[in-house]
Amino acid sequence: MVGVEVLEDADTLAERAADLIGDALREKPSLSVLVATGHTPMATYAELARRDLDASALTAVQLDEYLGLGEDDPRSLWGWMRRSFVEPLGVKQVVRLGEVPDPDEGCRRFEAQVAALGGIDLAVLGLGPNGHLGFNEPPCGPGARTRVVTLTPASLASNAAYWGDLPVPTRALTAGMDVILGAGRVILLVSGVHKRDILARALREPPTPEVPASWLQDANTTVLADRAACGVTRGPAFP
Ligand code: PGA
C-alpha cells in the first residue's frame, strides 16, 4: 500500500520526513533504520540533527556501498552515512555493508545481522533515476538478496555528480530487495523534476523488474515527493 504526500518544495519535504522519522523514533527508541545516502535525504538528516531527538538506542543499517574502496576513500558511502546521519544524530549502533574482505561473506553476514535485529523497522530511501532502490539496479525482482552488483550506466552517470573528478566504482554491494520490502515501513523521498517520469512509472505501472521501486507498491510505503517531482507546479499541494 502506497500513500503519497506532495510537499511544496525540498525544504518542506525534509521537515515532513523528519517529522515521520522522529515520531517513529519516539514510539520505538530501538528503531532499526535502513539509511540511504545520495543528495535527496541530506536535508532530512540535517533537519533531524537540529531536533531534540535521542537516537542512542537506534540502529542505523547501511543501504549500499561501492566495492573495493578503502574506508578512508572520499567516495566511501559508509563515510557519507557516518558524516550525515550517524555522527550528527549520535547513533551508537550500526550495521555496515562491506566490512569484511570477502564480499559474498559480507552480504551473508549483513543479512544475518539484519535478521538478528528482527528486520528493518523503517527504510529511508531515495529514488534512482533508473528506478533503483539502493543499488538494486533494473532488472530486479522483489526477492533479490543482498549481493554484489554491477552498476548500470544510468547509476554511474548520476553517481558521478557526487564525486567531482574521481571515477565512480563500477561494482557495489546493496541491501537486497528482500530487506527493503521486508521493512515495517518505507519512506521514499523524491525531489526534483528530473525524477518526475521515473516516479510516475514506479507508482502507476504494475510492479515490474524494469522499475525496482515499483515493488514498493506491495510494501507499507509513504512517498514524500515535492511538487517538481510530481509535475504539480500550481494549485493545491494535495490535488
Ligand atoms: P539522489 O540519488 O538522492 O542523489 O538523487 C538517489 C538514488 O540514486 O538512489
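The numbers here are math on the coordinates, done by the rules we state, and not lab data. Since the model is a prediction, treat every value here as computed from it, not as a measurement. As a convention, Cβ positions derive from the backbone with ideal geometry for all residues, glycine included, and neighbour counts pool all protein chains shown.
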Note to self: C-alpha centroids of segment 68-88 and segment 1-27 sit apart, in Å, by 25 Å
Any trypsin sites (Lys or Arg not before Pro) in segment 132-239 that lie in a DSSP loop and have at most 11 other Cβ atoms within 10 Å would be 234
The relative contact order of the chain, taking Cα pairs under 8 Å that sit 6 or more residues apart, comes to a percentage of 27 percent
Residues other than residue 178 with Cβ under 15 Å of its Cβ, Lys/Arg counted +1 and Asp/Glu -1, net out at 0
Surrounding charge for residue 166, neighbours by C-beta under 14 angstrom, Lys/Arg +1, Asp/Glu -1, total -2
Here the relative contact order (percent) of segment 1-87, from C-alpha pairs under 8 Å and at least 6 apart, is 30 percent
The answer for chymotrypsin sites (Phe, Trp or Tyr not before Pro) in segment 116-174 that fall in a DSSP coil and have at most 15 neighbouring Cβ atoms within 10 Å is 162, 163
Taking every DSSP bridge whose two residues both lie in the chain, the antiparallel percent to the nearest 5 is 25 percent
The long-range amide H neighbours of residue 186, using H built 1.01 Å from N in the peptide plane and a cut-off of under 5 Å, are 123, 220, 221, 222
Total charge of the residues flanking residue 20 in space, meaning their Cβ is under 14 Å from its Cβ, with Lys and Arg +1 and Asp and Glu -1, is -2
